[in-house]
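Please treat every number below as a calculation from the coordinates, not as lab data. What you see is a predicted model, and the numbers here were worked out from it, not measured in a lab. Cβ coordinates were reconstructed from backbone atoms using ideal geometry, including for glycine residues, and neighbour counts include every protein chain displayed.
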Amino acid sequence: MEIEIVRLKTPFPDLDHTYVYVVNSEIMIDGGFCNPQNAEKLEEFDVRRRIITHHHIDHVGLVFYSEKDVEIHKRELEFLEIYSKPEKFIEDYKKLFRMYGANENYAETLRVIAAMKLTKKAKVREITKDSHIIETPGHTAGHVSVLIDGCLFSGDFILSRTTPNVSFYPTYTCGVSDYLKSLEKCLKLNISEIFPAHEKRIKDPERRISRLIEHYSSRAVEVFDAVNSGHRTLEEIASKINWSIGNFRKFDDFNKFMALCETLAFLHYLKDTGKVREEKSDGKVVFTVC
Ligand SMILES: [Zn+2]
Ligand SMILES: [Zn+2]
């Protein structure tokens, strides 16, 4: 198997490059960060399929700066609308944060996307599901990975160093259980090596996947413990989590937004598994143990 690696820059200081993989000169995996220079580099490849793992800004360059055909999962198609209708997403998140008594202004950080004024250029169609396409939801609702000859091209589903963010959207609330199921599924796939969209290749997939299962399982316990020790509001609970990038109270608005979404994803996981419940208090929704 021949794998060409295209290393593309992103403008984010804390995000490593995005890697786009071209396998056997036939299949391209991911579309790089959204800018014309990256898309131009990718246009040089004459491939049969272009697969976008998920809708995040550092993966969809081809969608907005190339006229080629690209494939993406059906669930990601709906989230691609964040670029054409950012106002709707911002309002939905604000409503959600208000409901939980959290600062709704954190959702304003999504306005950066509105400022980019992106218009779809590619012919985007729903992905053809064949034996190469492994559905790996959790990081996003319709995230896919690509499996070719024992190599898993994992997008942001599995990274070598970072524990991927588990998403929570007003229309997608089961990120944690999906993510754990995706990891368990991949343990059974006989994967010899993982090629993530950022960070290093993973030569011992079983070990990394097991580590990630441990991490998300213990984070669920951590969130439960925060509720169990009397922290009831979303922001209070988020501030009790031991985030790898430091103290929640010192985060900028974007990281607060991400942390609140991830905390909500875990709270919904605990709710779905019968460990915590929601109740109304002073006009907002708070959490308590069952
Ligand atoms: Zn992502
Ligand atoms: Zn990414």
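The figures follow:
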quantity: In degrees, nearest ten, helix 175-187 long axis to first principal axis of the chain (Cα); calculated: 50
quantity: Charge dipole (the chain, unit charges on Cβ, about Cα centre) - positive-most of Ile158, Met258, Phe33; calculated: Met258
quantity: With Cα atoms, 0 to 90° folded angle of helix 86-99 axis to the chain main axis; calculated: 20
quantity: Gaussian network model of the chain, springs between alpha carbon atoms under 10 Å - residue of Thr136, Thr18, Thr119 with greatest fluctuation; calculated: Thr119
quantity: Computed label-point distance, nm, for sites Glu279 and Ser229 using a 7 Å Cα→Cβ extension; calculated: 2.1
quantity: Gyration tensor verdict on the range 118-179 (Cα atoms; rounded if a/c is under 1.5, prolate if a/b is larger than b/c, oblate otherwise); calculated: oblate
quantity: Two-site FRET efficiency, Thr288 against Thr163, from Cβ-Cβ distance with R₀ of 41 Å, rounded to 0.05; calculated: 0.90
quantity: Alpha-carbon centroids, the range 194-215 and the range 218-248: separation in whole Å; calculated: 25
quantity: Prolate/oblate/rounded label for the range 3-204 (Cα gyration tensor, a/c 1.5); calculated: oblate
quantity: Loop sites in the range 202-264: trypsin sites (Lys or Arg not before Pro), DSSP, at most 12 other Cβ within 10 Å; calculated: Lys203
quantity: Vicinal HN-Hα couplings computed from phi for the range 21-34 (Karplus, 6.51 cos²θ - 1.76 cosθ + 1.60; Hz; Gly/Pro x); calculated: 10, 10, 9, 6, 6, 10, 10, 9, 10, 6, x, x, 5, 5
quantity: Assigned charges on the beta-carbon of Lys, Arg, Asp, Glu; the range 93-187 dipole about Cα centre (debye); calculated: 520
quantity: About the Cα centre, charge dipole magnitude for the range 168-219 (Lys/Arg +1, Asp/Glu -1 at Cβ), debye; calculated: 100
quantity: Size of charge dipole - the range 3-204 - debye, nearest 20, with Cβ of Lys, Arg +1 and Asp, Glu -1, no other charges; calculated: 300
quantity: Qualifying trypsin sites (Lys or Arg not before Pro) for the range 83-115 [loop in DSSP, other Cβ within 10 Å: at most 16]; calculated: none
quantity: Rounded tilt (10° steps) of 205-228 against the dominant C-alpha axis of the chain; calculated: 20
quantity: Chymotrypsin sites (Phe, Trp or Tyr not before Pro) within the range 205-290: DSSP coil, no more than 10 neighbouring Cβ in 10 Å; calculated: none
quantity: Sites Glu126 and Asn24, calculated FRET efficiency, Cβ-Cβ separation with R0 22 Å, nearest 0.05; calculated: 0.40
quantity: Net +/- balance of residues flanking His73 in space, Cβ distance below 12 Å, scoring K and R +1, D and E -1; calculated: -1
quantity: Positive dipole terminus of the chain, leading residue within Tyr172, His54, Ile82 (C-beta point charges); calculated: Tyr172
quantity: Three-way shape call for the range 156-290 based on the alpha-carbon gyration tensor, with the a/c threshold at 1.5; calculated: prolate
quantity: Difference of contour (0.36 nm per residue) and Cα-Cα distance, Lys181 to Ile133; calculated: 15.7 nm
quantity: Extension gain (nm, one decimal) between Gln37 and Glu222, 0.36 nm per residue minus Cα-Cα; calculated: 62.3 nm
quantity: Charge context of Asn24, other residues only, Cβ under 10 angstrom, K/R +1, D/E -1; calculated: -3
quantity: Euclidean distance of C-alpha centroids, the range 259-275 and the range 62-97, integer Å; calculated: 24
quantity: Neighbour count of at most 12 Cβ within 10 Å plus DSSP loop: longest GluC sites (Glu not before Pro)-free window in the chain; calculated: 68-290
